[in-house]
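A short write-up of the structure that comes next.
The values are calculated or read from the model by the stated rules, or taken from the named source; none is laboratory data. Computed from a prediction, not measured in an experiment: that's the story for all the values here. Heads up, the Cβs are rebuilt from the backbone with ideal geometry, glycines too, and the neighbour counts pull from every protein chain shown. In case anyone asks, the SASA skips ligands and DNA or RNA and just uses the protein heavy atoms, side chains included. Shrake-Rupley method; radii C 1.70, N 1.55, O 1.52, S 1.80 Å.
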Amino acid sequence: MCGIIGYTGRKNAVPILLDGLKALEYRGYDSSGISVFQDGRITTVKSKGRIEENEKKVNNEYPGLYSTCGTGHTRWATHGEPSDINSHPHTTENVSLVHNGIIENYAEIRSELCNKGYTFISETDTEAACLLIDSLYRESHDHLTAIKTALRRIKGSYAFGIMFGDNPGKIYAVKKDSPLICAVSEHGAFIASDITAVLKHTREIYIMNDGETAELSADSVTFCDAEGKHISKSPEITELSMEQAEKSGFAHFMLKEIHEQPQAIKRTVASLILNDITSYTAPGLTADRIKNCRHIHIAACGTAMHAGLVGKYFIEKNARIGVNVEIASEFRYKNPVIDKDDIFIAISQSGETADTLAALRLAKESGLFTIAVVNVKGSAIAREADGVIYTQAGPEIAVASTKAYTVQCCTLFMLSLLLGYHRGLMTKDVINERCRLLTDTAPQKINDVLKDSDKILSISKKIAEHENIFFIGRCIDSSLACEASLKLKEISYIHSEAYMAGELKHGTISLIKEGTPVIAIITENTLSEKTISNIKETASRGADITVICDERIILPKDVCSNIIYVPHIDSGLTFLTATVAFQLLAYHTANERGCDIDKPRNLAKSVTVE
Ligand code: AGP
């Protein structure tokens, strides 16, 4: 949700900021802007639309704009429509500010400032923070005092990058519940919403904690804690490479990330098993805790929640522990029934999703042992959980999650084996065999689906012509149907619904008419006949059926118009090849419709607001 970049150093900040914003654009892309020091004052250039729009404005209206210090922002609108005025940075004579998050008491602050004679020009919550700091600076004439006093007043979540008109070359950064890093390169210092924005310049990163303030100048970054005491922080050297953050010849990040899945699965499983699967554990997830656990609560959002559904299937099957999968934004407000011995699992690619973070905090307050399954190292959810299991997907840039989902599912599958082992339901031999399937067989079979995607491409051309589609499946396949439906919706804008195959006839089948596309997923061998009956029920009412099907399942000839056979993997793991098939189907369908695949409308990659 919104991307922030800031630079102060010895090079021209303008191209560095615009370039950094392009790397952050996946976080929000309805408007953008930059502020730089020029001729002793702050110049702000901002506009509605993609970064390119603002870049054009900079080049046309401010040719030769040069400065060695500035901040930039790419927005996902919360308060106020995408417009030039509502874009960040918000700038007064004294202050320029970029913000990621939501200021909950902005209306109150706004009315106080109006009473003091301030005039607001935007509809944003952010302008309230900017003007508040401006007014406090007029009173204190001290930059840090103004910021600290404002933070005591502001409620909500924020990452702020702040510059003062009378302090050229200096950027202040503070955060609470929204991500922010600092970084130092040979030619200057940075703030950014995430590492990918600075990778071209440096790998030396400082992850900021809530309450800390950073003060950046061309040669240094200094930090102080919430009380204002100086603290020394050690940099981390990130393992991420530029290649991971680039398209590397693929038309879209989504396609690249779909193709990266075999390696991502191998890396994830390898990092978990070390020498022996039974040594795979999150810190604190002891054998006693596993034996005593009666219930597991999984909370997550969107695709991560769908991975949770797959995890539920495997944990209940392999460890015989009941699992509730909750949408994180519901979990925190539903007064969940929990027992002190229950285990809580938060799943999140970004590790920053506000709803998932809030659910995790609630679980911790309730005394539960918490585990995070997270892809981004050092993210808030990873830091706050009692134990963290990192997935090894590498950076996921496309808004539509693909590789993060498959590695989340694999991680939960592995967790189910561990839980089963400690509950006496799995032997080491069985577990080792399952791990071999994941590290050797699954990547090969996924590669087979990737190599043979022409059939999927041709089916997608037909799907692309429709506006309403149904996905159906039973058991694990109904969880896959949920994810397949979300994937198609979010990037192709085709309305689709996912149904448990047996449920359709209890109402929804009334929507099926001549030509309605129904996509059935069948990887669950034992239930194939039941699903085929449900397919027939819809076919009899005119549905046009496509089946994504385990190659070992024989489908009756008259049942469907299109079949995508996917390679079989033992032990219920065929869901992985079926997943890659429906991801490709969504991708090609969206491409066919000319959609902006990596940046679908209204969305942002990391949802750091409630
Ligand atoms: C996936 O394609 C989505 N764009 C979205 O549902 C995402 O999975 C969700 O917002 C959760 O994000 P997280 O994994 O970073 O917590």
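For beta carbons closer than 9 Å, sequence separation of 6+ or different chains, a first residue in region 299-314 that is at positive phi and part of a helix (DSSP H, G or I) and a second that is more than 8 Å from the ligand (Cβ to nearest atom) and not small (G, A, S), the qualifying pairs are G302/I327.
Could you list, in sequence order, the residues of region 97-121 that are in a loop (DSSP other than H, G, I, E, B) and closer than 19 Å to G156 by Cα?
As a first pass, look at region 97-121 and keep what is in a loop (DSSP other than H, G, I, E, B): 104-105, 116-121.
Once the filter is applied, which keeps residues that are in a loop (DSSP other than H, G, I, E, B) and closer than 19 Å to G156 by Cα, region 97-121 yields E104, N105.
Can you tell me which residues in region 408-427 are within 13 Å of the ligand (Cβ to nearest atom) and either in contact with a strand residue (DSSP E or B) (Cβ under 8 Å, 6 or more places away or on another chain) or modelled with pLDDT under 95 (or both)? Q408, T411, listed by residue number.
Taking only region 449-469 into account, find how many residues are assigned to a helix (DSSP H, G or I) and open to solvent by 70 Å² or more (accessible area, probe 1.4 Å). Break it down into steps so the answer makes sense when it comes.
Restricting attention to region 449-469, the residues satisfying the condition of being assigned to a helix (DSSP H, G or I) are 449-451, 454-463.
Cutting the leftovers down to open to solvent by 70 Å² or more (accessible area, probe 1.4 Å) gives us 451, 454-455, 461-462.
Result for region 449-469: 5.
Counting only residues that are surrounded by fewer than 24 Cβ atoms within 10 Å (Cβ to Cβ) and within 12 Å of the ligand (Cβ to nearest atom), give me the strands (runs of 3 or more DSSP E) lying completely in region 317-407 with at least 1 of them. Outline the logic, then answer.
Details: elements: 322-327, 343-348, 369-374, 387-390.
The strands (runs of 3 or more DSSP E) meeting that bar are 322-327.
Within region 543-562, how many residues turn out to be surrounded by fewer than 17 Cβ atoms within 10 Å (Cβ to Cβ) and either among the β-branched types (V, I, T) or within 14 Å of V518 (Cβ to Cβ) (or both)? Give the steps one after another, and end with the answer.
Initially, region 543-562 is screened for residues surrounded by fewer than 17 Cβ atoms within 10 Å (Cβ to Cβ), giving 551-552, 554, 556-559, 561.
When the remaining residues are screened for being either among the β-branched types (V, I, T) or within 14 Å of V518 (Cβ to Cβ) (or both), the result is 554, 559, 561.
Qualifying residue count for the region: 3.
Is one or more of the residues making up region 594-610 touching a strand residue (DSSP E or B) at 6+ places or on another chain (Cβ under 9 Å), open to solvent by 20 Å² or more (accessible area, probe 1.4 Å), within 16 Å of the ligand (Cβ to nearest atom) and assigned to a loop (DSSP other than H, G, I, E, B)? For region 594-610, residues touching a strand residue (DSSP E or B) at 6+ places or on another chain (Cβ under 9 Å), open to solvent by 20 Å² or more (accessible area, probe 1.4 Å), within 16 Å of the ligand (Cβ to nearest atom) and assigned to a loop (DSSP other than H, G, I, E, B): present.
Do we find that H201 is farther than 24 Å from I109 by Cα, open to solvent by 10 Å² or more (accessible area, probe 1.4 Å) and touching a strand residue (DSSP E or B) at 6+ places or on another chain (Cβ under 9 Å) in this structure? Against the criterion (farther than 24 Å from I109 by Cα, open to solvent by 10 Å² or more (accessible area, probe 1.4 Å) and touching a strand residue (DSSP E or B) at 6+ places or on another chain (Cβ under 9 Å)), H201 qualifies.
Out of V607, V547, one residue alone is modelled with pLDDT under 90 and closer than 30 Å to Q263 by Cα. It is V607.
hydroxyl-bearing (S, T, Y) and without any contact (Cβ under 8 Å) to a residue 60 or more places away in the chain, is that true of T402? It is false that T402 is hydroxyl-bearing (S, T, Y) and without any contact (Cβ under 8 Å) to a residue 60 or more places away in the chain.
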